[in-house]
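All remarks here apply to the structure that follows.
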Amino acid sequence: MKRSLFLIIFFFFALFTLVLASDLTVEGLKGSVEKVVTGRFTYRSENDQWLAGELETRRIKVFSPLGDYLTVALYINGAQYSRHEYKYDENGQKQETRYYKNDAENYTTREIYTYDGRGLLIEEITMEYWPVFLGGDRLSGKTVLAYDDRGYISLKRLLNDHGVILSSVRLTYDDGGRLIRESHYGKDEKLESILLYKYEGAVLRGIHSLDSSNRILEEVVTGGENGLNDRTQYSYSGDRAVRSSRTLADGYISVNEIVDLTETDRPGRRVEISFALEPLVVMFDTEETLQTIISRNATGKITGVDFKSGNYLLAGFKYYFDNAGRLLAREYAFGENSLRVDYRYDTAGNWIEERYFKLEDHEYRPVSTLARQIDYFE
């Protein structure tokens with residue numbers, strides 16, 4: 001299976017968000033949010049002072065009173081790059097999504113949703129825009145869903161514009177309704193891959209991806225705390241694993257251990273550490289297995305993660321919280337880099353500033369700020 005497990009997981013949860021939670025809840029926003037405008041500005045030095053530059057809009061999201069998306073627009077270099085518009089019926093059920101490139105007047109594609117008598121999504125049709133004088137919109141493809149007696153999705157099929165099945169997914173649940181297995185099939189109905197879901201109680205803790213020969217392709221440990229996820233991928237030559245790549249990331253920094261498994265006596269190891277807010281990459285060649293040491297506070301929250309090779313500290317993460325459990329700051333140290341990200345919140349408990357600093361000459365200097373202007377329904 002060449003598709004990333006993360007993409008498959010995203011597709012699976014995107015379908016369930018249609019019925020399980022509002023977009024506002026998925027975004028983690030609190031209160032009756034109507035609109036969020038996100039932008040970033042950088043700092044420049046002038047007369048020994050750090051001055052903020054012009055705010056550049058990155059995203060605009062507009063929500064309905066029920067907390068669902070009405071518009072999601074992305075911007076690059078101040079210009080609109082794409083836009084999604086959503087339509088709902090009087091009961092708040094999503095009826096249509098339209099996708100626009102740049103700031104075009106006409107949409108590129110639109111998705112139309114059909115529900116059964118129970119209100120369950122059973123069909124998602126994708127149409128491509130064509131002018132009326134050329135015959136109007138054309139069918140691009142569709143996704144068809146079937147459900148078991150409990151109302152859980154049991155089968156998903158992707159069809160092309162001629163109704164030919166391109167792929168299908170069969171889903172299996174335990175007695176408690178937890179998804180435990182996804183079986184992915186190609187257009188010839190041959191098994192291509194399997195996803196196995198592992199839980200602690202009701203909490204999803206791990207996902208394993210196997211190919212049709214039951215070789216492990218990918219493993220994901222979904223902690224969720226501070227955005228931390230632990231992901232390992234394997235490459236094969238025949239039935240033998242020849243390479244493993246383990247990545248622990250929190251959305252800001254990524255620590256990737258790559259192991260050459262062809263060297264059985266002393267496998268070659270490389271650790272790559274990269275930062276998301278600017279192109280900072282540090283690489284280490286090591287002989288020891290990468291150790292991950294996690295620290296927690298009295299409430300069980302992760303407050304630190306250290307990465308060691310033998311007795312050598314390669315990287316360290318630190319997380320700081322207030323008494324209400326809100327994340328106040330993140331600190332990262334790797335190579336010669338010491339970085340800090342801190343947060344400011346509004347009265348509703350939503351963060352409105354994410355400020356990024358870099359340690360230089362024994363003090364943190366501001367690099368950039370991600371700002372959110374949040375409007376609420378009255």
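The values are calculated or read from the model by the stated rules, or taken from the named source; none is laboratory data. Keep in mind it's a predicted model, so treat the numbers as computed, not measured. Every residue, glycine among them, receives a Cβ derived from its backbone with ideal geometry; neighbour counts consider all protein chains shown.
Laid out as a table, the results:
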quantity	calculated
One residue from Tyr113, Tyr107 being within 30 Å of Val36 (Cβ to Cβ) and part of a strand (DSSP E or B)	Tyr113
Lone unmet requirement of (1) in contact (Cβ under 8 Å) with a residue 24 or more places away in the chain; (2) hydroxyl-bearing (Ser, Thr, Tyr); (3) within 30 Å of Glu34 (Cα to Cα) for Ser309	(3)
Residues that are surrounded by 15 or more Cβ atoms within 10 Å (Cβ to Cβ), aliphatic (A, V, I, L, M) and over 16 Å from the mean Cα position of the chain (by Cα), drawn from the stretch 242-275	Val255, Ile258, Val259, Leu261, Val271, Ile273
Residues within the stretch 276-313 that are among the charged types (D, E, K, R) and under 25 Å from the mean Cα position of the chain (by Cα), tallied	4
Close pairs (9 angstrom Cβ cut-off, 6 or more residues apart or separate chains): under 26 Å from Asn160 (Cβ atoms) in the stretch 170-199, in a loop (DSSP other than H, G, I, E, B) and of a type in the set (D, E, K, R) anywhere	Leu171/Asp148; His184/Arg3; Ser193/Arg3
The stretch 148-167, residues that are free of Cβ contacts under 8 Å to residues at least 60 places away in the same chain, within 24 Å of the chain's Cα centre (by Cα) and under 19 Å from Glu111 (Cα atoms)	Arg157, Leu158, Ser167
The stretch 46-94, residues that are closer than 18 Å to Leu277 by Cβ, in a strand (DSSP E or B) and among the small types (Gly, Ala, Ser)	Ala52
Check on Tyr43, within 19 Å of Arg355 (Cα to Cα) and either at pLDDT 95 or above or assigned to a strand (DSSP E or B) (or both)	yes
Filtered residue count, the stretch 116-142, keeping only those that are outside any strand (DSSP E or B) and under 19 Å from Asp89 (Cβ atoms)	5
Complete set of residues in the stretch 21-54 that are of a type in the set (Lys, Arg) and surrounded by 14 or more Cβ atoms within 10 Å (Cβ to Cβ)	Lys30, Lys35, Arg40
Those residues of the stretch 189-238 which are over 19 Å from the mean Cα position of the chain (by Cα) and modelled with pLDDT under 90, in sequence order	Glu200, Gly201, Ala202, Gly238
